[in-house]
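Step one of this worksheet: look at the structure below.
Read-outs throughout are calculated quantities, based only on the coordinates presented, and are distinct from any laboratory measurement. These numbers were taken from a predicted model, which means no experiment stands behind them. Every residue, glycine among them, receives a Cβ derived from its backbone with ideal geometry; neighbour counts consider all protein chains shown.
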């Protein structure tokens, strides 16, 4: 009986962990954020590259790469010189 309880607990923990990974982008969107491509400086991106060149935040190697993104306040991406979809080339950051 104890072995069955442990197995059920392990399965529940695995499912909960997987669901938390899937829910993370959705939660950010609910918090009034957009993924903005082409505005992150090298090393300041929030997640993996759309091109698959790296798999983690903080690993962008070029400034304003159209394949790297960071979260910005909803509705501000284009004003910053970025796009809400990945693109080839580099973004053109707005002058401050």
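Some points to look at:
- Residue count, region 61-88 (criterion: assigned to a loop (DSSP other than H, G, I, E, B) and either touching a residue at least 40 places away in the same chain (Cβ under 8 Å) or out of contact with any strand residue (DSSP E or B) (no Cβ under 9 Å at 6 or more places or on another chain) (or both)): 12
- Identity of the residue in region 43-53, farther than 16 Å from residue 88 by Cα and surrounded by fewer than 18 Cβ atoms within 10 Å (Cβ to Cβ), that ends up farthest from the chain's Cα centre (by Cα): 43
- Hey, residue 47 touching a helix residue (DSSP H, G or I) at 6+ places or on another chain (Cβ under 9 Å) and either in a loop (DSSP other than H, G, I, E, B) or farther than 12 Å from residue 35 by Cβ (or both) or not: yes
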